[in-house]
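Structure record follows, encoded as structure tokens.
The values are calculated or read from the model by the stated rules, or taken from the named source; none is laboratory data. As the structure is a computational prediction, the values presented were derived from the model and not from experiment. Glycine gets a Cβ as well: all are built from the backbone with ideal geometry, and neighbour counts include every protein chain shown.
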Amino acid sequence: MKFLIITHVEHSKHSERYYGYAPYIREMNLWLQYCDEVEVIAPLEQKEVSPIDIPYQHNKITFTEVPLFNLLSIKELFSTIIKAPGICRALYKGMKQADHIHVRCPGNMGLLGCIIQIAFPKKKKTAKYAGNWDLQSKQPFTYKLQRKILRNTFLTRNMQVLVYGDWNDNTKNIKPFFTATYHEKDKKEIADKSYSGKLNLMFVGALSAGKQPLYVIELAQNLLKNGIDVKLDVYGDGTLRPELENYIANNNLSEVVTLMGNRTKQEVESSYRNNHFMILPSKSEGWPKVVAEAMFWGCIPIATKVSCVPYMLNEGRRGILLNMNLKTDTESLAKLIGDKEKCTIMRSEGAKWSRNYTLDYFDEEIKKLMM
């Protein structure tokens, strides 16, 4: 079987191997077990491999490079108009030669992939919509267009569309799905945690406007003002790092907040195991892995009410749902911290739920899609 991957994920090449963002590559490597040949159509950048990049695992992989593009400005729009014909030709050629077409959405490449796949109604196809599938949510027009095409069973034929969460009004080709990080063998005993004394908080994600890492620092600062001793470790990097560094310095929080930068999976896992709470005030998510990962190791998640997060947290029974109001969110967290028994139950329930979604189970479900 020749398997085609269409994605907007930026890749790099080192020692004849293609690297990309680890959570995405780790998932794709499970799909690649079941195919003889692989073609990836995606952007390729000349950059160093970071701690959060890993390579594809396959001995017969072809990479078709396409340029980066977006629609964020008039200048970029004109540039995209020039680039689009070449990208579409590459997509059409790749789809024509493939036995199974796999489109990663939402994204610019996903949009073009959704459009071009219409020309191949008899090809076996899957699409992974790794964003918020909530049809009522506010999202860019291009995201809504991708969802409309994917939901249209006349335009999109012979395709299973994998979405996070179980939503109303789904068409017959929409399949509720999930993602995973750990194997069954990783289910080690969760260490007991005391919720007295200093409490360890963490954030895991890009230091970007969409993830709102400054809100996490402000929340930790408010807890301190309320007499709760906390320590916050911020994992990740991005454009907001200088702003966060300035805020930490200007508010004398250097002893409280540590910007850890990008770290390996093992280092982040260790932090989940040792910390009490993981805070993710993200504006948009699909199935946030960091929420499930935190619960897997008994770290209670505190996250925004986006996408399927309320389902993951069982409407606040396995963690706290943020209102994005510093006063009320501080009060909610302080109230939970004051109830040690509830913290223990919440930690236990979260781990029990998260450990249902292992890579072994994920692999079984992928195999069904590939056969």
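Laid out as a table, the results:
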| quantity | calculated |
| --- | --- |
| Enumeration of residues in region 47-78 that are hydroxyl-bearing (Ser, Thr, Tyr) and surrounded by fewer than 13 Cβ atoms within 10 Å (Cβ to Cβ) | Ser73 |
| Residue ID - surrounded by the fewest Cβ atoms within 10 Å (Cβ to Cβ), chosen from residues in region 107-132 that are at pLDDT 95 or above and in a loop (DSSP other than H, G, I, E, B) | Lys122 |
| Filter result (surrounded by 17 or more Cβ atoms within 10 Å (Cβ to Cβ) and touching a residue at least 60 places away in the same chain (Cβ under 8 Å)) within region 164-177 | Tyr164, Gly165, Phe177 |
| Options Tyr164, Tyr195: the member that is of a type in the set (Phe, Trp, Tyr) and in the same structural domain as Asn275 (by TED's automatic domain parsing) | Tyr195 |
| Residue that is modelled with the lowest pLDDT, among those in region 182-196 that are of a type in the set (D, E, K, R) and part of a loop (DSSP other than H, G, I, E, B) | Asp192 |
| Scan of region 86-106 for residues that are part of a helix (DSSP H, G or I) and within 20 Å of Lys60 (Cβ to Cβ), ordered by number | Ala90, Lys93, Gly94, Met95, Lys96, Gln97 |
| Inter-residue pairs, beta-carbon under 6 Å, first in contact (Cβ under 8 Å) with a residue 60 or more places away in the chain and in region 98-113, second among the aromatic types (Phe, Trp, Tyr), 6+ apart | His100/Phe3; Asn108/Phe69 |
| Filter pass, Leu111 being in contact with a strand residue (DSSP E or B) (Cβ under 8 Å, 6 or more places away or on another chain), closer than 30 Å to Lys305 by Cα and hydrophobic (A, V, I, L, M, F, W, C) | yes |
| Residue list for region 197-237, restricted to those being in contact with a Leu (Cβ under 8 Å, 6 or more places away or on another chain), in a loop (DSSP other than H, G, I, E, B) and among the aliphatic types (A, V, I, L, M) | Leu207, Ala209, Ile228 |
| Residue among Val306, Val291 that alone is out of contact with any strand residue (DSSP E or B) (no Cβ under 8 Å at 6 or more places or on another chain), of a type in the set (Val, Ile, Thr) and touching a residue at least 12 places away in the same chain (Cβ under 8 Å) | Val306 |
| Failed item in (1) closer than 19 Å to Trp353 by Cα; (2) touching a helix residue (DSSP H, G or I) at 6+ places or on another chain (Cβ under 6 Å), with Glu315 passing the rest | (2) |
| Long-range neighbours under 7 Å by Cβ, at least six apart or interchain, first residue more than 15 Å from Pro301 (Cα to Cα) and in the same structural domain as Glu245 (by TED's automatic domain parsing) within region 207-218, second of a type in the set (Ser, Thr, Tyr) and outside any helix (DSSP H, G or I) | Leu207/Thr239; Ser208/Thr239; Gly210/Ser282; Gly210/Ser284; Gln212/Ser282 |
| Enumeration of residues in region 252-264 that are outside any strand (DSSP E or B) and either hydrophobic (A, V, I, L, M, F, W, C) or touching a strand residue (DSSP E or B) at 6+ places or on another chain (Cβ under 9 Å) (or both) | Leu253, Glu255, Val256, Asn262, Arg263 |
| Residue count, region 18-42 (criterion: touching a His at 6+ places or on another chain (Cβ under 8 Å) and buried (at least 17 other Cβ atoms within 10 Å of the Cβ)) | 9 |
| Residue ID - farthest from Glu365 (Cα to Cα), chosen from residues in region 154-181 that are in contact with a Ser or Thr (Cβ under 6 Å, 6 or more places away or on another chain) and part of a loop (DSSP other than H, G, I, E, B) | Thr171 |
| Output for region 62-80, where each listed residue is in contact with a helix residue (DSSP H, G or I) (Cβ under 8 Å, 6 or more places away or on another chain) and part of a strand (DSSP E or B) | Thr64 |
| Residue selected from region 134-153 under the condition modelled with pLDDT of 95 or more and part of a loop (DSSP other than H, G, I, E, B), by the criterion nearest to Leu72 (Cα to Cα) | Asn152 |
